Structures are given as structure tokens and as C-alpha cells.
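The values are calculated or read from the model by the stated rules, or taken from the named source; none is laboratory data. No experiment lies behind these values; they were computed from the predicted model shown. We place every Cβ from the backbone using ideal geometry, glycine too, and count neighbours over all the protein chains shown.
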Amino acid sequence: MPTPPRKCCINPSILSADFVNLEAELAQISNADAVHVDVMDNHFVPNLTIGLPVVERLQKVSPVPLDAHLMISDADRWAPKFADLGLDSVTFHVEASHAPIKLARELRARGAKAGMALRPATPVEPYLDMLAELDMLLIMTVEPGFGGQAFLDVTLPKIRRARAAVDGSGVKVAIQVDGGITEETITRAAEAGANIFVAGSAVYGRPSPAEAVESLRENARLAFSRNAAERDSTVPQPV
């Protein structure tokens, strides 16, 4: 039986949106799968964006689910508070958590999908045993903190290793990539095994953000289909 292509999700990042008109900016991406909300505290990363009160308001006006990416210190304390807002998913950085398994379980207990993020230089192997505790693994493809950076190809082998581990484990964990995603780099990331893609300037830097979402989605789907066809071609056929 042919292997079905993976489900592709495009989660535009409002880091590249107009912060004065966020409700209108959200309305422009109603065809997205979720909106990626970057929360930065100027401690874990050298940038300051938005906090709980703004995220709470976004949750009430967004036409699509909220996917919060917490680039903050003391994730064990703050991440559950974001889950309490009713967000679809909350992602914390493993580098900012003292007890990532406990935190992931707490996020799920409060009704949010649990995501865990790794900086580009953080290896994935030490955390593969906890895949069953997660709904999503976010592999940063730039250094977190600022939008508009170039995609780091050095992260592609890590994405491939994460995909092999997820597929081999049998658990349903999405692999998200964030940073430098364009119509060109999304193909490489998808071929490596990612299936949720965060794009900022590639969406909000276009005349029509909605059309940009569809273009990115189509490029990823084509890469998925090629991957599925290649996997099927290597499976021994019955004689």
C-alpha cells in the first residue's frame, strides 16, 4: 500500500506582522493552520515582544488556533499560565526548563498540546526518550530572538534524525521548524522530515499573506509526495 504523504501545517509568525494592527493581520491568514506567537522576555533571547495579556487578547480574536513559542527564562513557572489561556499549543525551550517531562505533562493536563523547542546547537538525542510526552518537537533553524534570519542548513541532519526517531517510535509527534522558512527552504525542511512550518516575512512580507500561505503549503506538499514516492520505491514488492 502506498505511503500517504504527511500532513502539512503552515503557522505564520506574527513577529513579522504589524503589531499596531494585530487583529487585522490575523484576519489575513485565516487559511493558515495556526498562528505562531513568539513570546520573548529579553533574558532567554535578546529581544522583547509580548506577554500574557496580549496573548490572551489574541486568543479571543484569532480566526485560527494559537501556537505559542515561549522564548523565555523560567519556562517551568510561566508556560502553564499560557496553557491556561486555552491556547492550542504551548512550546517551551528545553534549555529554559529544569524539568521538561513534568512541564510537558502539566501543559497537557491544562488542555494544551505540549511542544518542546531546541536551539540549533542543542542536540536532539538526549531527549528522544521523552517523545511520548510531547505533541510537537520544534527544531529551530535560526538562532531564536529575531525574525528575518537566513535558514541554517546545518540543522537539516538534526531534522532527519528527529524524523527517523519519531517514525521509529510509533508516537505521533509533529516536527516543527522555525526560522528562515521561504518557498525555497521549506522544500528542504520538508524533505528532511519537518511537517509544521513557521514563516514570518515569507508570509507577511508578501502582498497577499493568504496567497503566500497557500504557496508555502503547496511546496511542502510536493516535497512530501516526493518523499512518499521514494519510500515506496524502496519497499520490496511482492512477486
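Out of all the residues in the range 77-94, which are surrounded by 16 or more Cβ atoms within 10 Å (Cβ to Cβ) and either more than 12 Å from residue 135 (Cα to Cα) or among the hydrophobic types (A, V, I, L, M, F, W, C) (or both)? Selection gives 78, 79, 80, 82, 83, 85, 87, 90, 92, 93, 94. Could you tell me whether any residue of the range 100-113 is assigned to a strand (DSSP E or B), crowded, with 18+ Cβ neighbours inside 10 Å and at pLDDT 95 or above? Within the range 100-113, one or more residues are assigned to a strand (DSSP E or B), crowded, with 18+ Cβ neighbours inside 10 Å and at pLDDT 95 or above.
Scanning the range 8-36 for residues that are surrounded by 17 or more Cβ atoms within 10 Å (Cβ to Cβ) and touching an Asp or Glu at 6+ places or on another chain (Cβ under 7 Å) returns 9, 10, 11, 13, 14, 15, 17, 25, 34, 35, 36. Please work out if residue 44 is modelled with pLDDT of 95 or more, over 18 Å from residue 198 (Cα atoms) and in a loop (DSSP other than H, G, I, E, B). Taking the combined requirement at face value, the residue satisfies it. Looking only at residues in the range 145-176 that are hydrophobic (A, V, I, L, M, F, W, C) and part of a loop (DSSP other than H, G, I, E, B), which one is surrounded by the fewest Cβ atoms within 10 Å (Cβ to Cβ)? Restricting to residues being hydrophobic (A, V, I, L, M, F, W, C) and part of a loop (DSSP other than H, G, I, E, B), the top hit is 150. Of all residue pairs spaced 6 or more apart or on separate chains, those with beta-carbon atoms under 7 Å, a first member in the range 158-175 that is farther than 17 Å from residue 115 by Cα and among the charged types (D, E, K, R) and a second member that is in a helix (DSSP H, G or I) and at pLDDT 95 or above are 160/192. Summed over the range 177-200, residues that are on the phi > 0 side of the Ramachandran plot and part of a helix (DSSP H, G or I) total 0. Against the criterion of being under 21 Å from residue 139 (Cβ atoms), in contact (Cβ under 8 Å) with a residue 40 or more places away in the chain and surrounded by 15 or more Cβ atoms within 10 Å (Cβ to Cβ), residue 71 qualifies. Examine the range 195-208 for a residue that is surrounded by fewer than 16 Cβ atoms within 10 Å (Cβ to Cβ), closer than 13 Å to residue 8 by Cβ and either out of contact with any Gly (no Cβ under 6 Å at 6 or more places or on another chain) or among the aliphatic types (A, V, I, L, M) (or both), and state whether such a residue exists. Scanning the range 195-208, I find no residue that is surrounded by fewer than 16 Cβ atoms within 10 Å (Cβ to Cβ), closer than 13 Å to residue 8 by Cβ and either out of contact with any Gly (no Cβ under 6 Å at 6 or more places or on another chain) or among the aliphatic types (A, V, I, L, M) (or both), so the answer is no.
One residue alone among 61, 45 is surrounded by fewer than 18 Cβ atoms within 10 Å (Cβ to Cβ), touching a residue at least 12 places away in the same chain (Cβ under 8 Å), farther than 17 Å from residue 209 by Cα and among the β-branched types (Val, Ile, Thr), and that residue is 61.
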